[in-house]
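Trainee: Questions regarding the structure given below will be posed in turn.
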Amino acid sequence: MNVLIIGSGAREHALAWAVAKSELVTAVFVAPGNGGTAMMGGKVQNVPLKATALDALLRYAEDNAVALTVVGSEQPLELGIVDLFRRAGRKIVGPTQAAAQLESSKVFSKKFMQRHGIPTAAYHVYCDAAAAKQDLALSQQSYPVVIKASGLCAGKGVFIALDRDEAFTAISEIFDDRIFGDAGNVVVIEEFLHGQEASVFVLTDGAHYRLFASAQDHKRIGDGDTGKNTGGMGAYAPAPIVTAEVMRKVEERIIQPTLQGMAEEGSPYTGFLYVGLMIDQGEPAVVEYNARLGDPETQVVLPLLKSDFVAALQASVNGTLNVVPFEMHEKSATTVVLASAGYPDAYAIGKPITLADDAATMPDCLLFHAGTTYESGALVTAGGRVLSVTALGSTLRESIDRAYHLVTKITFDGAYYRSDIGAKGV
Ligand code: AMP
Ligand code: GLY
């Protein structure tokens, strides 16, 4: 069968890789894809359609006998791509627009968790700066406090304010300077949670669910979790902090009530669910939901899947996830992101990328592309996060060492990466 993957990051390259491995698949189309998916060859080809061009994507799926579509990024979900495809009788992996509000509206997700007794930080919702500031001024607010734009902000809509001045500045920037545009029309102010972050990834058909490996992202640009927030500078899986006992609590207190609650409220949740957790002394609370897989977490979570990915995706759209094989390798995986100098601020693009001859064939290594383009035989940088350099190992340490060894085989002008990915898990 033919599969369409929507998105252009390293997550979508990893999705294309995992889908193309399946014997069930004849052709994989990636819209719009990147240099990595362009270079895959074989079953895989890029389609020059934007992830947000919903009508054109549907027409493409119809014209090319696409049997299954997989949505990588959040914007098409928020725009209602799943509703559109389903109305046209097309199978697609992802939540409806209403269900995707678990990610696209922080107000929706906080109220949902409150209704269903799902552990998360205490919060208040504000629609204007004056009310938010007045509350902070009058209450015995403890600091730090967390200030979030409610709408989609590409992971950048969160301020952690260390005192009242910082909180007021954040509120003014969101409401008065409108730095997040309409995504900042409503603001959530919430309690700061202590602990260690980890993520759990679920595939669900609305009634049944299966668990991928847990993972830990590295959001800050600098070693030791310092400097600015980024889209993610590396990840590893599984995360030792998510012990079997923690996972049991996450299933009972978070995943099951989330899926039941969405079904009861008339929006059964389908597709991938990313549960971002804060774990404090073995007790998990939800920091955020995402309505999709994570980037860079996908680049470590999918290589650990042993059973057929496409069979599981089909089961997720057919309501038969409870009977499909869903097994993980007993291994660890690490991915190190190579970024352009300057990222997450301004950076240059168009820098030629050189890969050593043996880079493509190193055992247990996988090179996923993010911001690259491949034209007339030349691979050049085209984004802030350029490559996601992944390796498997029988231990986390081994996977880290292999990933960093593969990093030495890649060069481009201004390449930057963190040198401590995975260290907190060892
Ligand atoms: P979010 O977009 O909600 O995932 O937030 C981005 C990042 O901000 C998270 O990954 C956390 O590192 C941090 N964060 C968000 N909410 C909280 C919270 N209530 N307490 C502590 N840190 C938080
Ligand atoms: N790695 C964080 C995210 O995908 O939202």
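Trainee: Among the residues of region 100-118, which ones are in contact with a helix residue (DSSP H, G or I) (Cβ under 6 Å, 6 or more places away or on another chain) and in a loop (DSSP other than H, G, I, E, B)?
Mentor: Ala100, His116, Ile118
Trainee: Anything in region 181-206 that is more than 22 Å from Ser104 (Cα to Cα) and not in a strand (DSSP E or B)? List them, or say none.
Mentor: His194, Gly195
Trainee: Now for a different question. When the residues of region 153-172 are filtered to those that are assigned to a helix (DSSP H, G or I) and free of Cβ contacts under 8 Å to residues at least 24 places away in the same chain, which remaining residue is farthest from the chain's Cα centre (by Cα)?
Mentor: Asp165
Trainee: For region 218-257, list the strands (runs of 3 or more DSSP E) that sit wholly inside it and hold at least 3 residues that are within 14 Å of ligand 2 (Cβ to nearest atom), modelled with pLDDT of 95 or more and in contact with a helix residue (DSSP H, G or I) (Cβ under 6 Å, 6 or more places away or on another chain); which are they?
Mentor: 234-237
Trainee: Tell me, which residue of region 268-293 that is open to solvent by 20 Å² or more (accessible area, probe 1.4 Å) and farther than 29 Å from Pro76 by Cβ is nearest to ligand 2 (Cβ to nearest atom)?
Mentor: That would be Asp280.
Trainee: Could you list, in sequence order, all residues of region 378-405 that are surrounded by fewer than 17 Cβ atoms within 10 Å (Cβ to Cβ) and not hydrophobic (A, V, I, L, M, F, W, C)?
Mentor: Once the filter is applied, which keeps residues that are surrounded by fewer than 17 Cβ atoms within 10 Å (Cβ to Cβ) and not hydrophobic (A, V, I, L, M, F, W, C), region 378-405 yields Ser394, Thr395, Arg397, Glu398, Asp401, His405.
Trainee: Taking region 274-294, which residues are without any contact (Cβ under 8 Å) to a residue 40 or more places away in the chain and either part of a helix (DSSP H, G or I) or of a type in the set (Lys, Arg) (or both)?
Mentor: Listed by number, the list is empty, since nothing qualifies.
Trainee: If Thr361 meets every condition in (1) closer than 30 Å to Arg402 by Cβ; (2) surrounded by 13 or more Cβ atoms within 10 Å (Cβ to Cβ); (3) out of contact with any strand residue (DSSP E or B) (no Cβ under 9 Å at 6 or more places or on another chain); (4) among the polar types (S, T, N, Q) apart from one, which number is that one?
Mentor: Among (1) closer than 30 Å to Arg402 by Cβ; (2) surrounded by 13 or more Cβ atoms within 10 Å (Cβ to Cβ); (3) out of contact with any strand residue (DSSP E or B) (no Cβ under 9 Å at 6 or more places or on another chain); (4) among the polar types (S, T, N, Q), Thr361 violates only (2).
Trainee: Now a separate question. Checking the conditions here, which among Val300, Val286, Val336, Val323 is on the phi < 0 side of the Ramachandran plot, within 16 Å of ligand 1 (Cβ to nearest atom) and of a type in the set (Val, Ile, Thr)? Don't jump to the end; show me each part of the working.
Mentor: Values: Val300 fails: within 16 Å of ligand 1 (Cβ to nearest atom); Val336 fails: within 16 Å of ligand 1 (Cβ to nearest atom); Val323 fails: within 16 Å of ligand 1 (Cβ to nearest atom).
Result of the check over Val300, Val286, Val336, Val323: Val286.
The values are calculated or read from the model by the stated rules, or taken from the named source; none is laboratory data. Since this is a predicted model, take the numbers as computed values, not measurements. No Cβ is skipped: glycine too gets one built from the backbone with ideal geometry, and neighbour counts run over all protein chains shown. Please note that ligands, DNA and RNA were not included when accessible areas were found on the heavy atoms of the full protein model with its side chains. Shrake-Rupley method; radii C 1.70, N 1.55, O 1.52, S 1.80 Å.
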